[in-house]
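Read through the structure below, which is laid out as structure tokens, and then see the notes.
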Amino acid sequence: MSGKVKKLSELKLAVFRVLCPGDQYLHEIKKASIRLKERMGDMKHLVNPSVLIGAFKVADYSDDEDGYWIGVQVEEYLDIPEDMITLTIPAQSYVTGMHHGPNHQIMDTYSQLHRWMEANQHDRALYKWHIEIHHSWSDVNKLEIELLDTIE
């Protein structure tokens, strides 16, 4: 894993919230991404409809922040479908790496990213939003996801 540091501007997202027992997230996120694809035609102001963005906090989150949030980036919060909500991710710095492969192996990629972060003296900010940018997401065995782990 060759990680790198990246800073992102504020992200405005139209999302579905996935909240379930930990062992069900892989399945439930896939279901939410299918719902999201079905709703794309109802949304306006999309930045890039071919890219899904997931967000989550690792620790020190409130009940309102618990879970996994999957959606798309929008330029502004207008005409968001009623069954979706908005989530604003502030500008933050991340260490980033790519996951290529099945969804059930994503934790292995995270482990490699965390080892790289430790070796390069980057502290994880567990209480801030972490991001996953899904570049290829229709086949759970051939995912291409940019993992962005928030740092101080």
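Scan the stretch 36-53 and give yes if some residue there is small (Gly, Ala, Ser) and part of a loop (DSSP other than H, G, I, E, B), otherwise no. Yes; the residues of the stretch 36-53 include at least one that is small (Gly, Ala, Ser) and part of a loop (DSSP other than H, G, I, E, B).
Set side by side, the residues 126, 113 differ, and just one is more than 22 Å from residue 36 (Cβ to Cβ), crowded, with 17+ Cβ neighbours inside 10 Å and of a type in the set (A, V, I, L, M), which is 113.
The single condition among (1) part of a strand (DSSP E or B); (2) farther than 17 Å from residue 106 by Cα that residue 69 does not satisfy is (2). The set of residues in the stretch 1-27 being among the small types (Gly, Ala, Ser) and crowded, with 18+ Cβ neighbours inside 10 Å consists of 3, 14.
Please verify whether the stretch 123-142 includes one or more residues that are at pLDDT below 95 and under 13 Å from residue 14 (Cβ atoms). No; the residues of the stretch 123-142 include none that is at pLDDT below 95 and under 13 Å from residue 14 (Cβ atoms). Do you know which residues across the stretch 106-125 are under 24 Å from residue 27 (Cα atoms) and under 16 Å from the mean Cα position of the chain (by Cα)? The answer is 106, 107, 109, 110, 113. Is it the case, given these coordinates, that residue 119 is closer than 19 Å to residue 65 by Cα and of a type in the set (A, V, I, L, M, F, W, C)? In short, no. Residues in the stretch 52-65: is at least one among the basic types (Lys, Arg) and modelled with pLDDT under 95? For the stretch 52-65, residues among the basic types (Lys, Arg) and modelled with pLDDT under 95: absent.
Take the residues in the stretch 1-30 that are in contact with a strand residue (DSSP E or B) (Cβ under 8 Å, 6 or more places away or on another chain) and of a type in the set (D, E, K, R); name whichever of them is nearest to residue 112 (Cα to Cα). The extreme case among them is 4. Among residues of the stretch 1-20 that are hydroxyl-bearing (Ser, Thr, Tyr), those with a Cβ under 9 angstrom from a residue that is part of a loop (DSSP other than H, G, I, E, B), sequence gap 6+ or separate chain, pair up as 9/91. The single condition among (1) modelled with pLDDT of 95 or more; (2) within 13 Å of the chain's Cα centre (by Cα); (3) not small (Gly, Ala, Ser) that residue 25 does not meet is (1). Applying the set (1) at pLDDT 95 or above; (2) among the aliphatic types (A, V, I, L, M); (3) exposed (fewer than 12 other Cβ atoms within 10 Å of the Cβ) to residue 46 leaves exactly one unmet item: (3). Note on the stretch 73-105: among residues that are touching a residue at least 60 places away in the same chain (Cβ under 8 Å) and part of a helix (DSSP H, G or I), the one that is farthest from residue 141 (Cα to Cα) is 104.
The values are calculated or read from the model by the stated rules, or taken from the named source; none is laboratory data. From a predicted model like this one, the values you see are computed outputs, not experimental measurements. Positions of Cβ are backbone-derived with ideal geometry, glycine not excepted, and every protein chain shown enters the neighbour counts.
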